[in-house]
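The values are calculated or read from the model by the stated rules, or taken from the named source; none is laboratory data. Just so you know, these numbers come straight off a predicted model, no measurement behind them. Cβ placement follows ideal geometry from the backbone for every residue including glycine, while neighbour counts extend to all protein chains displayed. Accessible surface is based on the protein model in full, side chains and every heavy atom, while ligands, DNA and RNA are left aside. Shrake-Rupley method; radii C 1.70, N 1.55, O 1.52, S 1.80 Å.
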Amino acid sequence: MVRIAGVNVPDDKFVSISLLNIYGIGISRSKLICNLSNVSYFIKVKDLSDKDLKLIRNNVSNFKLEGDLRRDVKLNIKRLVDISCYRGIRHKKKLPVRGQRTKTNAKTCKKFIKNIF
């Protein structure tokens with residue numbers, strides 16, 4: 001297995017798909033990394049040369065990924081909870097935050113919090 005950004009990337013998948021295992025890389029960002037590295041999307045990771053892997057690692061290191069990104073997301077949620085804004089209150093109560101309907105949907109969110117109300 002190849003390690004990119006501290007994550008083991010599967011060898012038997014295409015490069016654009018295997019980069020999705022890294023937290024913070026979606027399909028559009030993986031295609032951007034492949035374009036910047038001049039690597040085809042449809043080449044398998046095990047078929048990449050060391051030069052190509054080095055280019056991909058350099059391009060991946062330009063983005064905020066894994067631990068740093070997770071920490072930033074947690075700090076942003078904590079800030080919302082601390083200032084007690086509407087979104088922070090919804091996070092604290094473990095309810096949907098982005099305006100989803102809760103009268104008939106969101107059963108999986110609400111079944112663990114029956115004692116709060």
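Structure notes:
- Heavy-atom accessible surface of the chain: percent carbon and sulfur, 1.4 Å: 52 percent
- Computed lengthening from Val2 to Asp82, 0.36 nm per intervening residue step minus Cα-Cα distance: 24.8 nm
- Considering the chain, its Cα convex hull presents a mean projected area of 9.8 nm².
- Partner aspartates and glutamates whose Cα lies under 18 Å from the Cα of Lys74, excluding those fewer than 8 positions away in the same chain, are identified as Glu66, Asp82.
- Tail fraction, Cα-Cα pairs, the stretch 1-70, threshold 19 Å, whole percent: 18 percent
- Average accessible surface area per residue within the stretch 15-81, 1.4 Å rolling probe, Å²: 63 Å²
- Two-site label geometry, Phe42 and Asp11: point separation in nm, points 7 Å out along Cα→Cβ: 2.4 nm
- Debye intensity ratio I(q)/I(0), log10, the stretch 34-73, q values 0.21, 0.32 Å⁻¹ (C-alpha model): -0.69, -1.05
- Spin-label pair Asn58/Cys109, simplified geometry with 7 Å Cα→Cβ offset, distance in nm: 4.4 nm
- Over all pairs of different C-alpha atoms, the stretch 37-106 has a mean inverse distance whose reciprocal, the Kirkwood radius, equals 15.8 Å.
- Set of lysines with alpha-carbon distance to Lys110 below 18 Å, sequence-local pairs under 8 removed: Lys92, Lys93, Lys94
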